[in-house]
Amino acid sequence: MKRKYDVNDDFFKEINSEEKAYLLGFFLADGTYSLGSGCKDSYRYQIHQQEIDKCIIDWYKNAIVPNGNIVYKEAYTDSKGTNHKGTYKLRWTSKVMHKDLELFNIYPKKTEDITFEFPFELIPEQFIWDFIRGFFDGDGQVSYSEETHQFTFALYGTSEKFMNQLGDIFEKEFGVEKRVEGVQKSKMILYTLRFSANQNRQIFINSLYSKFYKDKSYFLERKQIKFLKYLLFKYRDNPEDCERLQDIVERRE
């Protein structure tokens, strides 16, 4: 059976760009795939995002299935009175892409693999942080309160081993101390990765911001702005840095 849309089946075969590393990390966090029922040995892949993050859908579409169809579902309120935001969804099929994903230990029902470890040696060193940023945009949290100036940064996953892998990379790069904690959620444990930077917290966040965003093209602006607003407050007494950061914030909002 001929596919309805042409697909770049080999997109993940070699991770040799910021785009590929970022989208691989995001797929690990928030993408899904399974063996399709309509075509023998064909796998169906899906990216499903809230309306506010449509750029993610566009990036996958442009890179993997340029002529694919993006499906939009309007916001609605269910019978229990719960409000649901509008969402976008992109699907594609491929018989061979799963082979490349499996090299990275990414399989169907990946969230159920509590022993998951990522083979970081398969990604060139210059793209490791693009991969981590992609995962963070899918399964990470950053928040900043302009009232209390409280800043939080964390990553989440169902594999304690993978959270420790990420934590080790952060420790080596920034000299911070990782903390991995698990909480029972339904049928599995959700692990949270946080960091202790003691008196060097501001330096850590500033360094992480540079590692994540300096000269980069793929990232969620709504998360970048949280970093920027925290740094804008912290550097409020430094006119040069303050002006630079304020300009970036205003261009993002």
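The values are calculated or read from the model by the stated rules, or taken from the named source; none is laboratory data. Just so you know, these numbers come straight off a predicted model, no measurement behind them. With ideal geometry, Cβ positions are generated from the backbone for all residues, glycine too; neighbour counts draw on all protein chains shown. The protein model used for the area step is the full one, side chains on, heavy atoms only, and it has no ligands, DNA or RNA in it. Shrake-Rupley method; radii C 1.70, N 1.55, O 1.52, S 1.80 Å.
Quick notes on this one:
- Matching residues in the range 107-155 - criterion: being modelled with pLDDT of 95 or more and over 21 Å from Lys178 (Cβ atoms): Leu122, Pro124, Gln126, Phe127
- A Cβ distance below 9 Å, combined with a sequence gap of six or more or placement on separate chains, defines the contacts here; from the range 171-192, residues that are of a type in the set (S, T, N, Q) reach residues that are open to solvent by less than 60 Å² (accessible area, probe 1.4 Å) in the pairs Gln184/Leu190; Thr192/Ala154; Thr192/Leu155; Thr192/Tyr156; Thr192/Gly157; Thr192/Met163; Thr192/Val180; Thr192/Gly182.
- Identity of the residue in the range 116-149, open to solvent by 80 Å² or more (accessible area, probe 1.4 Å) and assigned to a loop (DSSP other than H, G, I, E, B), that ends up farthest from Phe170 (Cα to Cα): Glu147
- Just so you know, in the range 60-83 the residues that are among the basic types (Lys, Arg) and in contact (Cβ under 8 Å) with a residue 12 or more places away in the chain include one that is nearest to Asn16 (Cα to Cα), and it is Lys61.
- Residues in the range 212-223 that are crowded, with 17+ Cβ neighbours inside 10 Å and not aromatic (Phe, Trp, Tyr) were compared, and the one that is nearest to Glu18 (Cα to Cα) is Leu220.
- Number of the condition not met by Asp168 [criteria: (1) in contact (Cβ under 8 Å) with a residue 12 or more places away in the chain; (2) open to solvent by 60 Å² or more (accessible area, probe 1.4 Å)]: (1)
- Where Met97 falls short, out of the listed (1) closer than 30 Å to Ser186 by Cβ; (2) more than 18 Å from the chain's Cα centre (by Cα); (3) exposed (fewer than 11 other Cβ atoms within 10 Å of the Cβ): (3)
- Residue within the range 25-32 that is in contact with a Lys or Arg (Cβ under 7 Å, 6 or more places away or on another chain) and modelled with pLDDT under 95 present: no
- When Phe162 is tested against (1) under 18 Å from Lys223 (Cα atoms); (2) at pLDDT 95 or above; (3) part of a helix (DSSP H, G or I), exactly one condition is not met: (1).
- Listed by position, the helices (runs of 4 or more DSSP H) contained in the range 200-253 that have at least 1 residues being at pLDDT 90 or above and closer than 25 Å to Ile57 by Cα are 201-213, 221-234.
- Filtered by the rule that a residue be loosely packed, with under 11 Cβ neighbours inside 10 Å and closer than 18 Å to Asp10 by Cα, the range 37-93 gives Asp41, Asn67.
- Of the candidates Tyr88, Tyr33, Tyr107, the single residue that is touching a helix residue (DSSP H, G or I) at 6+ places or on another chain (Cβ under 8 Å), hydroxyl-bearing (Ser, Thr, Tyr), closer than 25 Å to Ser159 by Cβ and touching a residue at least 12 places away in the same chain (Cβ under 8 Å) is Tyr33.
- Of the listed requirements (1) more than 26 Å from Lys234 (Cα to Cα); (2) out of contact with any Asp or Glu (no Cβ under 8 Å at 6 or more places or on another chain), Ile114 misses just one: (2).
- Of all residues in the range 176-199 being in a loop (DSSP other than H, G, I, E, B) and surrounded by 13 or more Cβ atoms within 10 Å (Cβ to Cβ), the one that is farthest from the chain's Cα centre (by Cα): Ala197
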